[in-house]
Each structure stands twice: as C-alpha cells, then as structure tokens.
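Following: one structure in structure tokens, then a few remarks.
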Amino acid sequence: MDQVHEVVAGNRYPGRGVLWARTLDGALCGGYFLTGRSAASKARVLRRGDGELIVAPTTEPAHDPLRHYVAARQRGGWLVFGNGEQVAAVSDRLQEGRTPAEALAGLEYEPDPPIFTPRITVAVDLGSGQDAWFGAARRSAGGRASADLLTLAVRGLEPGDAVLMTTYRSDGQQVTTGEPFREARTGAADPGELLEEVWTALAPEFRVAAAVFEPGQLAGAAIRHESAARG
C-alpha cells in the first residue's frame, strides 16, 4: 500500500483534501489541506476561531463562499471538517440529532464549471473517538446534473492507517475529479509528523495551508502556511 506522502505527492494539484489517520503513537487525527493555482486561491490562510478553523483571505476584503469558509467545526460531540460551507450545514444537522448519513445527504458539488468541484466532508463522533464518516457530492462523469453522493464509514484504524479524499486528480495542468477515496499508510510517529508528511509532499508552487488536529482538541490544531514557510 502507498504511503501518505506518495499519494499526496503523486497528485500534483489535489485542490483540497481531507484525511483521517492513526499515527504510530496511537493518536487519531483529522487533517485538512488546500492548494491553489490563482492568486486569489493562494491568498488564503487557516485561522482558529471559537471551536473552528476558518479559511480566510489574506488580502481580499470581500467574502467568496467558494474560497472562504469554515473548514472545521467542533460542536456538541461532533467534529466536522471539509472544503466548503457545507461543513457548517452538516454540523448543524448533527446537532439536530440526525445520523451522519442523514447529515451528509443532500449536498451538492460546487457551481464552478467546467470543473464542478466535489464537496468533501468528514464527520467524527467525539463520543466514540474512533468512528468517522466521509461524504462526497460529485458530478457524474457522464455529465448528469444531479450529484452522485458517496458516504463511507471508517472504523477501527490501526496505527499507521490513513484514508484520504481530494477534490481533484491532476498533473498540475489537466484537472479532473479526484478518486472517491484512497487508503494509505503513514510512518508518522505523532500528529506533528503527520502534518510534516502531508506538507512536504504538497507541490510548493500550489500549496497554501494544511492542518492536523486530534478529535476534541481542535483549538490545538497544528497549522502550516506557505506564506510562513517563505517568511
């Protein structure tokens, strides 16, 4: 099985990605990373909020819902993270008592032709501390307008196990919808090493930010930014 760094490095422009893994010290970790090609997409940072991680602009005063959003939220026994405003919607549905499958249902891909970026989301049950549900809303490869919805339950990760989902599959030039999900292995000893594994595997010309966080400890998320790396 491929290593996490091989999966990430082999996809030169992944767009945005979510990760659920258990490091070798036994810690379960969520991860989120974002890349960009345009100047506006690169002018972003991950900021800590009240129980949230927010993708915010560095230079633009105006809010763009496709680029600026709550990327992770910890509320009422659930951790939710993903690539858009659906994170807040899924979090709210879980607070209403809906199941993960119900909370992840009814989502749509982004209205950004011709790519039609998938919405990718992970919901983690803080009560169990181990169960995670991946959700994806993807446009049909045949061009059908209605979204194809994928829900994947991930349980019982052993140390070194990881599951990833990205919005795109790309060589840096041609961009297509990412694979439904990838399983991989990590040699990271702890969450900090996992962040470094992901960060160093991202192509420097596209990487923007990445974060790794343990369930229930979102306020202590480890974050990297490309601007900080250059500073």
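Out of Gly77, Gly36, Gly31, report the one residue that is surrounded by 14 or more Cβ atoms within 10 Å (Cβ to Cβ) and under 21 Å from Leu104 (Cα atoms). After applying the criteria, what remains is Gly31. Restricted to strands (runs of 3 or more DSSP E) entirely inside the range 5-72, those with at least 1 residues that are out of contact with any Gly (no Cβ under 7 Å at 6 or more places or on another chain) and within 18 Å of Ser91 (Cα to Cα) are 28-35, 44-48, 52-57.
All conditions in (1) polar (S, T, N, Q); (2) closer than 29 Å to Thr59 by Cβ; (3) surrounded by 16 or more Cβ atoms within 10 Å (Cβ to Cβ) hold for Gln173, with the sole exception of (3). Residues in the range 127-145 that are in contact (Cβ under 8 Å) with a residue 12 or more places away in the chain and either under 17 Å from the mean Cα position of the chain (by Cα) or part of a loop (DSSP other than H, G, I, E, B) (or both): 12 in all.
Residues that are acidic (Asp, Glu), within 24 Å of Leu152 (Cα to Cα) and free of Cβ contacts under 8 Å to residues at least 40 places away in the same chain within the range 164-198 comprise just one, Glu179. Of all residues in the range 127-156, those satisfying the criterion of being among the hydrophobic types (A, V, I, L, M, F, W, C), touching a Phe, Trp or Tyr at 6+ places or on another chain (Cβ under 9 Å) and crowded, with 17+ Cβ neighbours inside 10 Å are Ala132, Phe134, Ala136, Ala137, Ala147, Val154.
For every residue, the table says whether it meets (1) modelled with pLDDT of 90 or more; (2) among the hydrophobic types (A, V, I, L, M, F, W, C); (3) under 18 Å from Ala210 (Cα atoms); (4) touching a strand residue (DSSP E or B) at 6+ places or on another chain (Cβ under 7 Å).
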residue: Arg47; (1), (2), (3), (4): yes, no, yes, yes
residue: Glu60; (1), (2), (3), (4): no, no, no, no
residue: Arg67; (1), (2), (3), (4): no, no, yes, yes
residue: Arg75; (1), (2), (3), (4): yes, no, no, no
residue: Trp78; (1), (2), (3), (4): yes, yes, no, yes
residue: Leu94; (1), (2), (3), (4): yes, yes, no, yes
residue: Ala103; (1), (2), (3), (4): yes, yes, no, yes
residue: Ala136; (1), (2), (3), (4): yes, yes, no, yes
residue: Leu149; (1), (2), (3), (4): yes, yes, no, yes
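Within the range 109-123, being surrounded by fewer than 16 Cβ atoms within 10 Å (Cβ to Cβ) and either touching a helix residue (DSSP H, G or I) at 6+ places or on another chain (Cβ under 8 Å) or acidic (Asp, Glu) (or both) holds for one residue alone: Asp112. Would you confirm whether or not the range 202-224 contains a residue that is within 19 Å of Val87 (Cα to Cα), touching a Cys at 6+ places or on another chain (Cβ under 6 Å) and of a type in the set (A, V, I, L, M, F, W, C)? Checked the range 202-224: at least one residue is within 19 Å of Val87 (Cα to Cα), touching a Cys at 6+ places or on another chain (Cβ under 6 Å) and of a type in the set (A, V, I, L, M, F, W, C). Of the residues making up the range 61-95, those that are among the aromatic types (Phe, Trp, Tyr) and within 13 Å of Val122 (Cα to Cα) are Trp78, Phe81. In the range 176-192, the qualifying residues are those that are surrounded by fewer than 21 Cβ atoms within 10 Å (Cβ to Cβ) and touching a Gly at 6+ places or on another chain (Cβ under 8 Å), and the one that is farthest from Trp133 (Cα to Cα) is Gly187.
In the set Glu158, Glu179, only one residue is in a loop (DSSP other than H, G, I, E, B) and either within 15 Å of the chain's Cα centre (by Cα) or of a type in the set (S, T, N, Q) (or both); that residue is Glu179.
Within the range 170-199, being modelled with pLDDT of 95 or more and charged (D, E, K, R) holds for Arg182, Glu183, Arg185, Asp190, Glu193, Glu196, Glu197.
The values are calculated or read from the model by the stated rules, or taken from the named source; none is laboratory data. As the structure is a prediction and not an experimental result, all values here were calculated from the model. Every residue, glycine as well, gets a Cβ built from its backbone with ideal geometry; the counts of neighbours run over all protein chains shown.
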